[in-house]
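The values are calculated or read from the model by the stated rules, or taken from the named source; none is laboratory data. Note that the structure is predicted; figures quoted are calculated from it, not measured. Note: ideal-geometry Cβ built from the backbone for every residue, glycine included; neighbour counts use all protein chains shown. To get the accessible areas, we keep the full protein, side chains included, count just its heavy atoms, and leave off ligands, DNA and RNA. Shrake-Rupley method; radii C 1.70, N 1.55, O 1.52, S 1.80 Å.
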Amino acid sequence: MDIGKEPKYKQLMDFIIEYIKNGDLKHNDKIFSENELMDKFDISRHTVRTAINRLVNEGWLYKQQGKGTFVSDPSAHLKNKGKLIGVVITYLKDYIFPDIITGIEEVLSEENYSILLGSTNNKIEKERMVLTNLLNNNLAGLIIEPTKSVFPNPNKDIYQKFIDRGIPIIYIHGHYNNISASYIEEDDNLAGFMATEHLVELGHKNIGGIFKSDDIQGHGRYEGFINCLRKHDLPISEKGTMWFSTEDIGTFYKDESYSKIIIERLRDCTAVVCYNDQIALRILEIFDKAGINVPEDYSVIGFDNSKIAESAKLTTIAHPKSALGSKAAKSLIKIINNQNLVIKEKMKPTLIVRESSKKIK
């Protein structure tokens, strides 16, 4: 291979494509093994796999598990225009996600990519179904918000199929610890610290918190919350620190007895950090029904700076939203063009102060 020319994986791709075009490799023929290609061209296994995965993604080759890699139908690569991006998030219509999708779409449309949307409702089996369906499409890449990201992912085998086909993945909002991949996410640890620091600066010393247990964002925000309290040598209210999961949401919103439990557990606090604006809004409703005034009796802060935060005059930590979507799309295009690239970035949040937080005497 000529070191001064294109990357080695691209030269290997060109070599295999030329073999196919010349008829030296025909439909359903098994191609050279990884070891043969490594020896023949004096290249690394990683370079070989990068080239093979790209050729699979472009439709020149296909893989059979346990058997090897074979030449596809001669017209298969023509069907794959390489301009379709899968975009999978937990909820398509609610909350901050329309802004994120807008950011993604604006960037991809400028680069002549189309998007194929899917949602998981933060359910593991739904994620599996969506990903399996996407594998039937000729994707150039995948942008995905992980499902219940704090746990080891049980759909790792499906993600591996994307990797085997050379389809790059970039995660948004969070990432799985048992899957190595690129991600663009908010710095949730910093966000939790900033939210708590704001309340500390207002004079609050007993601060409660409500966090999500099955997403890595909740754990990051909790860690920032704890770090801030430790920094200021303030007590951690174990009674006033609560957790909920995806499956608890219905109870949180509908069960009035649960509302009484929340009030009782926050009784010794003067402020509460809420996992997101939706939870903060529910806390405002619970307090209002109980005759508890915000911010006179309690200060409340959320995360995301959603439209509901603005209408409720809620102090919140602003999520980058469309900027995050835009950055994720730009990063994915870079990775498509250079699959050796790994991008891991955390975006800085911003504090938005409104009327739900107040200095105490």
Looking only at the range 48-67, count every residue that is open to solvent by less than 20 Å² (accessible area, probe 1.4 Å), in contact with a Phe, Trp or Tyr (Cβ under 7 Å, 6 or more places away or on another chain) and more than 15 Å from Gly141 (Cβ to Cβ) and tell me the total.
2
Counting just the residues of the range 313-322 that are at pLDDT 95 or above and surrounded by fewer than 22 Cβ atoms within 10 Å (Cβ to Cβ), which one comes out nearest to the chain's Cα centre (by Cα)?
Ala318
So, in the range 174-192, exactly how many residues are open to solvent by less than 10 Å² (accessible area, probe 1.4 Å) and either part of a loop (DSSP other than H, G, I, E, B) or of a type in the set (Phe, Trp, Tyr) (or both)?
2
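State yes or no: is Ile170 hydrophobic (A, V, I, L, M, F, W, C), outside any loop (DSSP other than H, G, I, E, B), open to solvent by less than 50 Å² (accessible area, probe 1.4 Å) and farther than 23 Å from Tyr298 by Cβ? Reasoning before the result, please.
On the way: hydrophobic (A, V, I, L, M, F, W, C): yes; outside any loop (DSSP other than H, G, I, E, B): yes; open to solvent by less than 50 Å² (accessible area, probe 1.4 Å): yes; farther than 23 Å from Tyr298 by Cβ: yes.
When the stated conditions are applied, Ile170 passes them.
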Residue, modelled with the lowest pLDDT, within the range 325-361, restricted to residues that are surrounded by fewer than 13 Cβ atoms within 10 Å (Cβ to Cβ) and basic (Lys, Arg):
Lys361
Could you check, for the range 193-206, whether at least one of its residues is buried (at least 19 other Cβ atoms within 10 Å of the Cβ), assigned to a helix (DSSP H, G or I), free of Cβ contacts under 8 Å to residues at least 40 places away in the same chain and in contact with an Asp or Glu (Cβ under 7 Å, 6 or more places away or on another chain)?
no
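Conditions tested, residue by residue: (1) modelled with pLDDT of 85 or more; (2) assigned to a helix (DSSP H, G or I); (3) not polar (S, T, N, Q).
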| site | (1), (2), (3) |
| --- | --- |
| Asn28 | yes, no, no |
| Lys40 | yes, yes, yes |
| Ala51 | yes, yes, yes |
| Val56 | no, yes, yes |
| Lys63 | no, no, yes |
Are there any pairs, at least 6 apart or on different chains, whose C-beta atoms fall under 6 Å, with the first in the range 343-361 and free of Cβ contacts under 8 Å to residues at least 60 places away in the same chain and the second assigned to a strand (DSSP E or B) and open to solvent by less than 60 Å² (accessible area, probe 1.4 Å), and if so, which?
Thr350/Ala318; Ile352/Thr316; Ile352/Ala318; Arg354/Thr315
